[in-house]
Amino acid sequence: MKSAAKTRHFVDHAATTPLRPEARTAMVENLGLANPSGQYATARIAKKVLEESREEIAELLGADPIEVVFTSGGTEADNLAISGLYFKASGSDIVVPPIEHDAVLKTCHHLEKEHWAKIVEAPVGADGRVDMVQFPEMSRQNTALVTCMWANNETGTIQPVEEIAKRAKDARVPFHIDAVQAAGHLPIDFHASGATTMAISAHKFGGPRGIGALLVRREAKLTPHNNGGGQERGLRSGTQDVASAAGMAAGLRAAVDTMAADNERIRGLTQQLIRAIMHIDGAIIHTSELALPGHVYASFPGAEADSLIMLFDAAGIDCSTGSACSAGVNRPSHVLMAMGVSEPEARSSIRFTLGYTSTQADVDAVISALPETVERARRAGMA
Ligand code: PLP
């Protein structure tokens, strides 16, 4: 195996996808604009760009412009939605599947520890989907909110958000969707989804890092996190980053416009990768058929994920474990554990995610490095 490869192959698009040229242009054009809250002509220029960006995002996601609340990204949007809805509710149960991103799970745990919330788990099956047969009962009296992601960031598996929305509507319980992995990759219609709130993040679809939005129904009641100038419907005070908002809108427009063709091409590349992985002795694929087009999550039992990542890195391939890394210690994926995967298998899992810049050469590079990488990692053994 060659070391210190010069050409890099980026297969970690679910972590962040490269900035789209359209987003870069929009940002550069609008850098240095005034504070959009000012009462003079230069501020009005900034305000116009901000509001046009909001309108574009709303149109692309089936929302009204007033329902788009800019945040610093997906994490803040999830935090605002969950605690914001919780503090306005009369019930204290939060229905949440165990496969959610930490932005959701840790917010729920914080509310449980500090604010009397009761976490009610919505179980998932071995396929990584929320199991609607075992879905907990909800009521307006007891349930503060239900939350579920549109697609999982590790497996890519698409969740039954439509069915959950129906249950939430019947029980008159607010429903938050974390659509961070789905926005720009799947068609999204906020109004049709039945969600009360929905989190999105620009850097997952080719917009800039550090900006996202919470879509909030007009009639939804949320307690804001931060207090200040009352921007963003009073839900997210603070001077807005107009250039990033313009970049986010341009990135989303480009992602939506090319979505159908990109997804077909990406799915073809992903299928090649899956077939190659299935040729590796003992390999297990955790991504179900109903998944985002670019995700492949696989275990190579007997090989430590850290060793695999290091060896792929040396071969010029950027991939990830997909699970949370705390203080440099890789824990087995909580998503795989919730799916009933054993701890050793979960510790040998890595995630490849393809996106709009992925090429045949990227996939060929992974496929050619795969057998030797797995063999060497297995020789190194499990820690
Ligand atoms: N939710 C999901 C499903 C994610 O995949 C991520 C990021 O990986 C987030 C939330 C957090 O988004 P951000 O990085 O914009 O804070």
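Values quoted throughout were computed directly from the atomic coordinates according to the rules given, and no laboratory measurement underlies them. Here the structure is a predicted model, which is why all the values come from computation and not from measurement. Every residue, glycine as well, gets a Cβ built from its backbone with ideal geometry; the counts of neighbours run over all protein chains shown.
The table for this structure:
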{"item": "Difference of contour (0.36 nm per residue) and Cα-Cα distance, residue 115 to residue 237", "result": "41.6 nm"}
{"item": "Sorted largest first, extent of segment 51-203 alpha carbons per principal axis (Å)", "result": "40, 34, 28"}
{"item": "Net charge of neighbours whose Cβ lies under 12 Å from the Cβ of residue 60, counting Lys and Arg as +1 and Asp and Glu as -1", "result": "-3"}
{"item": "Ratio of the Cα radius of gyration of segment 215-255 to 2.2 N^0.38 Å, where N counts its residues", "result": "1.40"}
{"item": "Gap separating the Cα centres of segment 206-267 and segment 94-140, nearest whole Å", "result": "25 Å"}
{"item": "Subset of 47/118; 47/204; 113/169; 166/221; 48/106; 6/106 violating a 30 Å alpha-carbon distance limit", "result": "47/118; 48/106; 6/106"}
{"item": "FRET efficiency, 1/(1 + (r/R0)^6) with R0 45 Å, evaluated for residue 52 and residue 279 via beta carbons", "result": "0.35"}
{"item": "Efficiency of FRET between residue 140 and residue 72 - r from beta-carbon atoms, R0 51 angstrom, step 0.05", "result": "0.95"}
{"item": "Distance between modelled label sites at residue 331 and residue 357, nm, 7 Å Cα→Cβ extension", "result": "3.1 nm"}
{"item": "Cα-Cα separations in segment 77-122 greater than 17 Å, expressed as whole percent", "result": "20 percent"}
{"item": "Förster radius 51 Å - calculated FRET efficiency between residue 342 and residue 192 (Cβ-Cβ, nearest 0.05)", "result": "0.85"}
{"item": "Rg [Å, one decimal], Dmax [Å, integer] - the chain, C-alpha atoms", "result": "21.2, 68"}
{"item": "Relative contact order for the chain, counting Cα pairs under 8 Å that sit 6 or more residues apart, in percent", "result": "24 percent"}
{"item": "Kirkwood Rh in Å, taken over all unlike Cα pairs in segment 103-142", "result": "11.8 Å"}
{"item": "Percent breakdown of C-alpha pair distances by 10 Å bin, ordered from the shortest bin, for segment 217-288", "result": "15, 22, 21, 20, 18, 5"}
{"item": "Hull-based mean projected area of segment 186-257, where the convex hull spans the alpha carbons, in square nanometres", "result": "5.3 nm²"}
{"item": "For segment 43-138: Kirkwood Rh in Å [reciprocal of mean 1/r, alpha carbons]", "result": "15.7 Å"}
{"item": "Compactness relative to 2.2 N^0.38 Å, alpha carbon Rg of segment 231-370", "result": "1.26"}
{"item": "Net charge, residue 140 excluded, C-beta distance under 13 Å - Lys, Arg +1, Asp, Glu -1", "result": "+1"}
